[in-house]
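Trainee: For reference, the structure I am asking about is given below.
Quick note: the coordinates plus some simple rules give every number you see, no bench work behind them. Since this is a predicted model, take the numbers as computed values, not measurements. Heads up, the Cβs are rebuilt from the backbone with ideal geometry, glycines too, and the neighbour counts pull from every protein chain shown.
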Amino acid sequence: MKLTVAITGASGAVYGIKVLEQARQNNVETHLILSKWAHATIETETNYSVKEVIELADYCHQEDNLAAPVASGSFRSGGMIIAPCSMKTLSAIANGHSGNLISRAADVTLKERRPLLLMVRETPLNAIHLENMLKLARLGVSIMPPVPAFYTKPSNLDDIVSHSVGRALDLFGIEVKGLKRWGENI
């Protein structure tokens, strides 16, 4: 399986990093796209360098490279996760503006009817955010703000992030070992 993973500049770069780690553990080929601001967020919010994040992926494509394989419908993939997804990126996708590789790859994912999951990060949400999310949800996009599940009794931040990522990867049929589920392992 191939999975396109994008990390935008919204807070929560650790979600995209954890997606890459879990994908690697499950032998999923990843195609990473980092926005310009993702670089700053990774350096500010995590203990990873941008180089280390890039090394977690099988391939890394530049945000301005609209000739990358993931920009074409002929590139076969199992879908795309944008984690975290900024409201700027959400808006671009909702309005068909493919000005960079992240929004273009998402547009291709939509037109090819492949799974697209957006881990949107913003609060409070305004009406424009909600309308854009509704527009995309009606097209089959999974909108998944990383909201913690407290029934898992998380003991640290990694537990919270790992559970959200595990639930996201469920939508792609990728099994995350040790994922706590309601009624199981609890």
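Trainee: Expressed as a rounded percentage, what relative contact order does the chain have, with Cα pairs under 8 Å and six or more residues apart? Intermediate results must be reported in sequence, preceding the final value.
Mentor: On the way: 335 pairs, mean separation 40.5, N = 186.
Relative contact order for the chain comes out at 22 percent.
Trainee: Can I ask one more? Using a Gaussian network model on the chain with a 10 Å cutoff between Cα atoms, which of 92, 127, 23 fluctuates the most?
Mentor: The residue that fluctuates most here is 127.
Trainee: Going by C-beta contacts inside 10 Å, put 2, 153 in order with the fewest on the left. Numbers along the way, then the final one.
Mentor: On the way: 2 17, 153 9.
Neighbour counts put them in this order, fewest first: 153, 2.
Trainee: Report the FRET efficiency, 1/(1 + (r/R0)^6), for residue 155 and residue 131, where r is their Cβ-Cβ distance and R0 is 35 Å, rounded to 0.05. Could you put the intermediate results ahead of the total?
Mentor: On the way: r = 38 Å, r/R0 = 1.08.
Working from the Cβ atoms, E equals 0.40.
Trainee: Still on this structure, please answer the following. Sequence-distant or interchain residues sharing an amide H contact under 5 Å with residue 6, placed H: which?
Mentor: Residues meeting the amide H criterion: 33, 81, 82, 83.
Trainee: Here's something else I'd like to know. Given the Cα-Cα distance of residue 142 and residue 74 and 0.36 nm per residue of separation, how much length would full extension add, in nm? The partial results should precede the final answer.
Mentor: Numbers: separation 68, 0.36 × 68 = 24.48 nm, distance 2.24 nm.
Extra length available between residue 142 and residue 74 comes to 22.2 nm.
Trainee: Could I ask something else about it? Can you give me the distance in nm between label points at residue 177 and residue 1, each placed 7 Å from the Cα along the Cα-to-Cβ direction?
Mentor: Between residue 177 and residue 1, the label points sit 1.6 nm apart.
Trainee: As a test, work out the antiparallel percent of DSSP beta bridges whose residues both lie in region 2-146, rounded to the nearest 5. It would help to have the intermediate numbers written out before the result.
Mentor: Details: 0 of 18 bridges.
Rounded to the nearest five, the antiparallel share is 0 percent.
Trainee: I would also like to ask the following. How much length, in nm to one decimal, is gained on full extension between residue 184 and residue 55, taken as 0.36 nm per residue of separation minus their Cα-Cα distance?
Mentor: Working: separation 129, 0.36 × 129 = 46.44 nm, distance 3.39 nm.
My answer for the length gained is 43.1 nm.
Trainee: Here's something else I'd like to know. With θ taken as phi - 60° and the coefficients 6.51, -1.76 and 1.60, list the Karplus ³J(HN,Hα) couplings across region 136-147 in order, rounded to whole Hz; mark glycine and proline as x.
Mentor: The phi angles translate into 6, 4, 5, 8, x, 6, 8, 9, 9, x, x, 9 Hz.
Trainee: Using only the alpha-carbon atoms, what does region 4-152 span along each of its principal axes? Please give whole angstrom values in decreasing order.
Mentor: 40, 37, 29
Trainee: Determine ³J(HN,Hα), in whole Hz, for all residues of region 35-52 in sequence, where each value follows from phi through the Karplus function 6.51 cos²θ - 1.76 cosθ + 1.60 and θ = phi - 60°; x replaces Gly and Pro.
Mentor: Result, rounded to whole Hz: 6, 4, 7, 4, 4, 5, 5, 4, 5, 7, 9, 10, 8, 8, 8, 4, 4, 5.
Trainee: For the residue pair residue 122 and residue 44, what label-to-label distance in nm results when each label sits 7 Å from Cα along the Cα-to-beta-carbon direction?
Mentor: Label-label distance for residue 122 and residue 44, simple model: 1.6 nm.
Trainee: Separate question: How large is ³J(HN,Hα) for each residue in region 84-91, as worked out from phi by the Karplus curve 6.51 cos²θ - 1.76 cosθ + 1.60 (θ = phi - 60°), to whole Hz, x for Gly and Pro?
Mentor: Couplings: x, 10, 6, 5, 4, 5, 4, 4 Hz.
Trainee: Here's another thing I want to ask about it. In the structure shown, do any of 88/135; 51/88; 2/36 have a Cα-Cα gap over 18 Å, and if so which? Each step should come with its number before you reach the end.
Mentor: Working: 88/135 15 Å; 51/88 24 Å; 2/36 23 Å.
Violating the 18 Å Cα-Cα cut-off are 51/88; 2/36.
Trainee: Taking only Cα atoms and a 10 Å spring cutoff, compute GNM fluctuations for the chain and point out the largest among 140, 166, 16.
Mentor: Answer for the Gaussian network model of the chain: 140.
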